[in-house]
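All remarks here apply to the structure that follows.
The values are calculated or read from the model by the stated rules, or taken from the named source; none is laboratory data. The model shown is predicted, which means the values in this text are computed figures rather than measured ones. Backbone-built Cβ (ideal geometry, glycine too); neighbour counts: all protein chains shown.
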Amino acid sequence: MTSGRQGSGEKDTNANGYHILVAEDSPTQAEHLRYILEEEHFQVTVANDGRKALDQVIELHPDMVISDIMMPYLDGYELCRHIKSDELTRHIPVILLTSLADITDVARGLECGTDSFITKPYSSEYLLKHVQKMLSNRVSQPDTGAGDREARRCKVELRLSGQDQMIMIDPQHMLNLLLSTYEAASQRNHELLRTQDELNQLNERLEELVEERTAALTSEITARERLQNELRELSLKDELSGLHNRRGFWTLAEQHWRLARSTGQQFVVFYADLDKLKYINDTYGHAQGDAALRRFSHAIEQIFRESDIIARVGGDEFCVLMIGADINVAQSVSRRFHTTLQRINIEEKNLYSLSASLGFAHYQPGSPISISDLIKQADADMYAQKQMKKRAGV
């Protein structure tokens, strides 16, 4: 006795109303299978373990069962064995999803009566083609009854993994399953070859991208080196002293002058000149002259704050913009300037003493005077201090 669905030739596998039961304990894999099949208008029921799948087979009599092998309660082989041992359900085609990692997979498939294997991973196209082929064969080759099936069964001895096994099989079923297994293996080989071709194409493209990127990096490095050279020429730092250079001072001083005008902030510009630099160069050599400039630069950094703008603007000339300072602060700094130089000369006991002249100009909020004129005033004040020292014989 067979199900009322059995042998029905009314259905078209391309515009079908076939009902497929999917037995799969992985929710992700189950939904993936459901999506593939429902896109082709199959009716799909999912069972998440072997026992539930068997209950659904008995209740619903689906047109096909697609089952994973590893499942709780009943694995795929046991589920297939139950289906094929029941006269009411044995006509239902069973496809087992497997990796076919071992020849015993085929033997167990023969023993439980599975109709076909599909190897993992599989493509949607191959799965659907295989399903439609099996449903078509089911329609064109109806079940001939239990007696005829039993008459065709015979014992076959197989040697697997060094052991002899005896199983009862239908030769035609064995041939069909072996052909299905070969087809699955051939499909896997085809997919591997296609994947290899894709990898080769990707490798070729990667090599092209590496060459393009190498050329781009070479160009970028060249451009960066050129830019670094330009920046070095336009640097805001004086290489000898480590202070700002003339360009750096003017750039920062102009910015602060604009800010002071808009915020009503006062500041003081100092102008200093290192005395007797020519004498040091002529007497002790230019290396000592450079050392004198570095010593004087270090002294200025001790006198002023880190927030002040300190620069070497010429050979022996230095400029400082003291932010937020007034006349009283400027006068105090002038006194500290000379005492600091005296202390350094006593402590260091060099071949020569450091001496310098200092002048300053005060910027008052609201004054229209430019930064250039402030520097000129500070320079003039410095020159006046220098002349006073000469007249005093210092």
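Observations
- Only residues that are in contact with a strand residue (DSSP E or B) (Cβ under 9 Å, 6 or more places away or on another chain) and not in a helix (DSSP H, G or I) were counted across the range 354-394, and they come to 11.
- Restricted to helices (runs of 4 or more DSSP H) entirely inside the range 1-94, those with at least 3 residues that are at pLDDT 90 or above and either exposed (fewer than 14 other Cβ atoms within 10 Å of the Cβ) or under 40 Å from the mean Cα position of the chain (by Cα) (or both) are 27-39, 50-60.
- Note on the range 259-281: among residues that are surrounded by fewer than 19 Cβ atoms within 10 Å (Cβ to Cβ) and of a type in the set (Gly, Ala, Ser), the one that is nearest to the chain's Cα centre (by Cα) is SER262.
- Just one of (1) farther than 19 Å from GLU301 by Cα; (2) buried (at least 16 other Cβ atoms within 10 Å of the Cβ); (3) at pLDDT below 95 fails for GLN377. It is (3).
Matching residues to (1) touching a strand residue (DSSP E or B) at 6+ places or on another chain (Cβ under 8 Å); (2) at pLDDT below 95; (3) among the aromatic types (Phe, Trp, Tyr); (4) buried (at least 17 other Cβ atoms within 10 Å of the Cβ):
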site	(1), (2), (3), (4)
TRP257	yes, yes, yes, yes
THR283	no, yes, no, no
ARG294	no, yes, no, no
ARG305	yes, yes, no, no
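- If you go through the range 308-339 and keep only what is surrounded by fewer than 19 Cβ atoms within 10 Å (Cβ to Cβ), outside any loop (DSSP other than H, G, I, E, B) and within 56 Å of the chain's Cα centre (by Cα), you end up with GLU317, ILE323, VAL329.
- Summed over the range 254-278, the residues that are under 20 Å from TYR383 (Cβ atoms) and in contact (Cβ under 8 Å) with a residue 40 or more places away in the chain give a count of 9.
Rundown of residues vs (1) touching a Leu at 6+ places or on another chain (Cβ under 9 Å); (2) closer than 17 Å to GLN266 by Cα, yes/no style:
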{"position": "SER307", "(1), (2)": "no, yes"}
{"position": "GLU317", "(1), (2)": "yes, no"}
{"position": "SER357", "(1), (2)": "yes, no"}
{"position": "ILE369", "(1), (2)": "no, yes"}
{"position": "ALA392", "(1), (2)": "no, no"}
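- Qualifying residue in the range 201-208 (condition: outside the structural domain of ALA291 (by TED's automatic domain parsing), at pLDDT below 80 and in a helix (DSSP H, G or I)): no
- Among residues of the range 345-366, those that are over 18 Å from MET382 (Cα atoms) and either under 56 Å from the mean Cα position of the chain (by Cα) or of a type in the set (Gly, Ala, Ser) (or both), counted: 4
- Residues of the range 98-119 classified as in contact (Cβ under 8 Å) with a residue 40 or more places away in the chain and either assigned to a strand (DSSP E or B) or touching an Asp or Glu at 6+ places or on another chain (Cβ under 6 Å) (or both), total: 4
- Set side by side, the residues ARG194, ARG247 differ, and just one is surrounded by 11 or more Cβ atoms within 10 Å (Cβ to Cβ), closer than 30 Å to MET134 by Cα, modelled with pLDDT of 70 or more and of a type in the set (Lys, Arg), which is ARG194.
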